[in-house]
There are 2 protein chains.
Amino acid sequence: MIFLLAVAIQKITPLYLISINIIHNKSLTKHELSICIIIVHFNLIEVKNYRISTVKLALNKQFKLISRPIGLPTRDDFEYSETSIPLLNEGELLVKSEYISLDPAMRGWMNEGKSYIPPVRLGDVMRAGGVGCVLESKNGKFNKGDFVHGLLGVQSHSVSDGKGMTKIDPNLAPLPLYLSLFGLTGMTAYFGLLSIGEPKQGDTVLVSGAAGATGSVVGQIAKIKGCHVVGIAGGQKKCDYIINKLGFDGAIDYTSGNVASALKTNCPDGIDVFYDNVGGDILDLVLTMINLNARVVICGAISQYNNTTPIKGPANYLSLLVNRAKMQGFIVFDFASQYKEAAVQMGQWMAEGKLKSKEHIVEGIETFPETLLMLFSGGNFGKLMIKV
Amino acid sequence: MIFLLAVAIQKITPLYLISINIIHNKSLTKHELSICIIIVHFNLIEVKNYRISTVKLALNKQFKLISRPIGLPTRDDFEYSETSIPLLNEGELLVKSEYISLDPAMRGWMNEGKSYIPPVRLGDVMRAGGVGCVLESKNGKFNKGDFVHGLLGVQSHSVSDGKGMTKIDPNLAPLPLYLSLFGLTGMTAYFGLLSIGEPKQGDTVLVSGAAGATGSVVGQIAKIKGCHVVGIAGGQKKCDYIINKLGFDGAIDYTSGNVASALKTNCPDGIDVFYDNVGGDILDLVLTMINLNARVVICGAISQYNNTTPIKGPANYLSLLVNRAKMQGFIVFDFASQYKEAAVQMGQWMAEGKLKSKEHIVEGIETFPETLLMLFSGGNFGKLMIKV
């Protein structure tokens, strides 16, 4: 009955927004609210779950995906809105996002079609990882004030049943680190390199996107494992960084000069492991230089994600045959049961000064569509995230 | 001195060819021979190693590679000659080829450039596997009358130091079987499928070139391992053969109809193992249909070997990432230490009627250039070889 009533009056323009939900979690206007209060007050129907507040609560700022991008995503592919925050049901928790992770994989999630997780549905909040603080909890596993990591979405507030949420301790590491080194990016580097790439002491390990969030960690771990490490990055500044700050043995600036000859100079003994974040021509070129039993780790192909023309396949893939080599993809989620030990190991390396993390933090969730593009232009320098 | 003498008179036209070699293994004309016999007879110089025969011995019929083919090889890329057979040095043996194996890999050996074995040098006898009989031996490991398997080359007679030669027993299996099931083709199928493809009971295994020498064995072994086996072959006759004679569960004729929809019909649960002998568009298509943790075994890419345009890379390779799948090449030589156990296992399966072999035998080494082309036109039906 309340529901019908709410439907009947939902076209009334709200004078001001107030966070209240009743039954079905519908946001109500002041007029609807007044009627509801009367109904509840006079016990006209049984109401199980309500919260009434006259203070103006925070609004949920969110970006919904409203069209599937062709090529680079634009602001028009998203709808920005500020909505009231729903009331919690039993088992749910309300999280205020502190940092939202921006990752190349998000571009794939915007596409229609089968992938390792379903695409974001049109009209849904854009999927994204994030860290945040529990504002309110009706879930026994989480308390108000806890910090969590999970798929919070591109929004300032999120309500969830707690599935996929992991508690994190801001005293152990600053929050952004839970999105970089101790987040999926760091895990992707760790497991992609160690489990798929299987570097051995003395191997030559080549990384593309080497100054990026994942690539920079891959290279440092390969150094720890005693490998000759060469990175491919865009621009002199990034190349200087991976050599001087991260200890890579060589750096190749793909924006200048001849990449093929630079590869020959920097990898005189060929390539045993190629950790590829980029795809396209560089993957194709590297395939001509791999050693016997080489491992090509397919972590991503950022050069191809916004293609409007067909993806460029690696024409030199038969080098895999000649060299008894493998090219293997992986999804970090498959290693979830080992995240903790990886975090402990990487924490130790960090404490020993062997592993550094760099974050690129942009202020303001409102900048989301433009900030995301930095990933594809190479504009970010370190793990890209938004401070909400 | 003999050498100088031989050089001095080498322009004299030989009246008839006779197999004789003295020092430096040079073939001599009748005139040279006469002089040599005088020298030897009168002990004018010390001669350590000579054989004199007045009977007309067999000539060595051979094809030398004289130019690197562009696209399909032609007869003009080879030089056919009939030459005398060199005298053996200590440690050498002379083998008369019985069957010469024709394999897609030979096309690769004709190209310049780094590969898993060096290319055939221009002017050298074309490399080929073969089985033959030892005519003469100065090598302690082999006796006259032994049968051997090895890289005998496209020639009727070969002299070698015995390296890479394996004794075979024609009483255990007919000679052609040592080039098919018990030869590199069978080994390629066995190790490529079992070691790289790792089929598990209930998996869907798809094989391209399924009626070919390797593909037909792959499919049969996959059936033995309890898989759902589908083959891709050219033409109804081959499709009927792999279903009715070899027991495949499904066959797709790539020369007729829509391969994509046929794949969907025949592989309703997706593809766990793809054993690819063909490459090109079919590999690309199959990549869109692989399952989680699928294994793509790159055995060859016969569709691409004679390309004069760049090789077509698999544009859908990112499916490896989404599906945590691997694409891996291999070279059968790496499994040499296990050939014997594979042969025993396949012999047992053959005895039990679970594994069949089919050979396509063409008579006459003279037909080599044209017979080779059957591999690329799909004209052969079974393991292609030449009866010398």
- For A:His360, enumerate residues with amide H under 5 Å from its amide H, sequence gap 5+ or separate chain, H modeled in the peptide plane. A:Lys383, A:Leu384, A:Met385
- Item | Integer Hz, Karplus 6.51/-1.76/1.60 couplings in order for the range A:140-145, x for Gly and Pro | x, 7, 10, 10, 3, x
- Provide the FRET efficiency to the nearest 0.05 for the B:Ile70-B:Glu363 pair, computing r from the beta carbons and using R0 = 35 Å. 0.75
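Take every residue in peptide A:328-337, count the Cβ atoms of other chains within 10 Å of its Cβ, and give the average of those counts. Walk me through the intermediate numbers first.
On the way: counts 9, 13, 7, 5, 1, 1, 3, 0, 0, 0.
The shielding value for this peptide is 4.
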- Note on the structure: Karplus-derived 3J(HN,Hα) from phi for the range B:269-286 (6.51 cos²θ - 1.76 cosθ + 1.60, θ = phi - 60°), whole Hz, x at Gly and Pro, runs 9, x, 10, 8, 10, 10, 9, 9, 9, 10, x, x, 4, 5, 4, 4, 5, 4
- Under a 5 Å amide H to amide H cut-off, with H placed in plane at 1.01 Å, what residues pair with A:Glu98 once short-range neighbours are removed? A:Val131, A:Gly132, A:Cys133
- Query: Solvent-accessible area per residue for the range B:184-351 at a 1.4 Å probe radius, Å²?
  - Reply: 36 Å²
- For B:Lys141 paired with B:Ser256, estimate the spin-label separation in nm (one decimal), with each label point 7 Å from Cα along the Cα-to-Cβ line. 5.1 nm
- Chain A, rotation onto B, residue closest to that axis via Cβ, with its distance in Å: A:Gly313, 2
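Is the C-alpha gyration tensor of the range A:184-351 telling us rounded, prolate or oblate? Criteria: a/c under 1.5 is rounded; beyond that, a/b larger than b/c is prolate, otherwise oblate.
Values: a/c = 1.38, a/b = 1.22, b/c = 1.13.
Rounded is the answer for the range A:184-351, as its axis ratio a/c remains below 1.5.
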- Message: If I take every Cα pair under 8 Å that is 6 or more residues apart in chain B, average their sequence separation and divide by the length, what percent do I get for the relative contact order?
- Response: 14 percent
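Return the subset of B:Lys238/B:Lys354; B:Lys356/B:Lys383; A:Lys138/A:Lys387 for which the Cα-Cα distance in this structure is over 21 Å, preserving the input order. The partial results should precede the final answer.
Numbers: B:Lys238/B:Lys354 19 Å; B:Lys356/B:Lys383 12 Å; A:Lys138/A:Lys387 26 Å.
Too far apart for the 21 Å limit: A:Lys138/A:Lys387.
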- Query: Hey, any idea what % of chain A's accessible area is carbon plus sulfur with a 1.4 Å probe?
  - Reply: 55 percent
- May I ask you to evaluate 6.51 cos²θ - 1.76 cosθ + 1.60, the Karplus curve with θ = phi - 60°, for each residue of the range A:310-315 and list the ³J(HN,Hα) values in order in whole Hz, giving x for glycine and proline? x, 4, 8, x, x, 4
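Hull surface divided by four, with the convex hull built on the Cα atoms of the protein assembly as shown: how many nm²?
43.4 nm²
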- Any idea what the alpha-carbon Rg over 2.2 N^0.38 Å comes to for chain A? 1.14
- Between the alpha carbon centres of the range B:208-266 and the range A:179-229 the gap in Å comes to 41 Å
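Buried accessible area for the A:B pair, summed, 1.4 Å probe, in Å² rounded to 100?
Interface area, both chains combined: 2700 Å², rounded to the nearest 100.
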- Scan the range A:153-223 for trypsin sites (Lys or Arg not before Pro) in coil per DSSP, keeping those whose Cβ has at most 12 other Cβ atoms within 10 Å, and list them by number. A:Lys163, A:Lys200
- Calculate, for A:Gln345 and A:Leu59, the FRET efficiency according to 1/(1 + (r/R0)^6) with r their C-beta to C-beta distance and R0 45 Å; round to the nearest 0.05. 0.65
- Note on the structure: Test assert for the range B:303-327: residues whose accessible surface shrinks by at least 50 Å² between chain alone and all chains, 1.4 Å probe, equal B:Ile311, B:Ala315, B:Tyr317, B:Leu318, B:Leu321, B:Val322, B:Arg324, B:Met327
- With one decimal in nm and the nearest listed first, the spacings from B:Lys340 to its own position in the other copies, using label points 7 Å along Cα-to-Cβ, are 5.0
- Starting from the Cα-Cα distance between A:Asn293 and A:Gln338, subtract it from 0.36 nm times their residue separation and give me the gain in nm to one decimal. 13.6 nm
- Between 0 and 90°, nearest 10: helix B:213-224 axis offset from chain B longest Cα axis: 40 degrees
- Distant-in-sequence amide H partners of A:Val229 (H built 1.01 Å from N, under 5 Å): A:Val205, A:Asp249, A:Gly250
- For labels at A:Thr308 and B:Glu352 in the simple 7 Å Cα→Cβ model, what's the distance in nm? 5.9 nm
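For chain B, which span is the longest to avoid every loop-located (per DSSP) member of GluC sites (Glu not before Pro) having at most 12 other Cβ atoms inside 10 Å? All intermediate terms of the calculation are to be shown ahead of the outcome.
Working: sites that count: B:Glu46, B:Glu90, B:Glu112, B:Glu352.
Value returned for the longest uninterrupted segment is B:113-351.
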- Query: Between copies, how close do the B:Asn143 label points come, placed 7 Å along Cα→Cβ, listed in nm from shortest?
  - Reply: 8.8
- Query: Considering the zone a paramagnetic label at A:Lys264 would reach in this model (a point 7 Å from Cα along the Cα-to-Cβ line), which residues of the range A:197-212 have amide N under 20 Å from it?
  - Reply: A:204-207
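Count, for each residue of B:126-137, the Cβ atoms from other chains sitting within 10 Å of its Cβ, then give me the mean as a whole number.
Working: counts 0, 0, 0, 0, 0, 0, 0, 0, 0, 0, 0, 0.
For peptide B:126-137, the averaged partner shielding equals 0.
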- Any idea what the A:Lys354 label distances to the other copies are, label 7 Å down the Cα→Cβ vector, nm, shortest first? 4.8
- Note on the structure: Per the helix-only model, chain A has a calculated mean residue ellipticity at 222 nm (DSSP H runs of ≥4, -39500 (n - 2.57) each, divided over all residues, rounded to the nearest 500) of -7000 deg cm²/dmol
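The values are calculated or read from the model by the stated rules, or taken from the named source; none is laboratory data. All of these numbers come straight from a predicted model, not from anything done at the bench. As a convention, Cβ positions derive from the backbone with ideal geometry for all residues, glycine included, and neighbour counts pool all protein chains shown. Remember, those area values only see protein heavy atoms, side chains included, never the ligands or the DNA or RNA. Shrake-Rupley method; radii C 1.70, N 1.55, O 1.52, S 1.80 Å.
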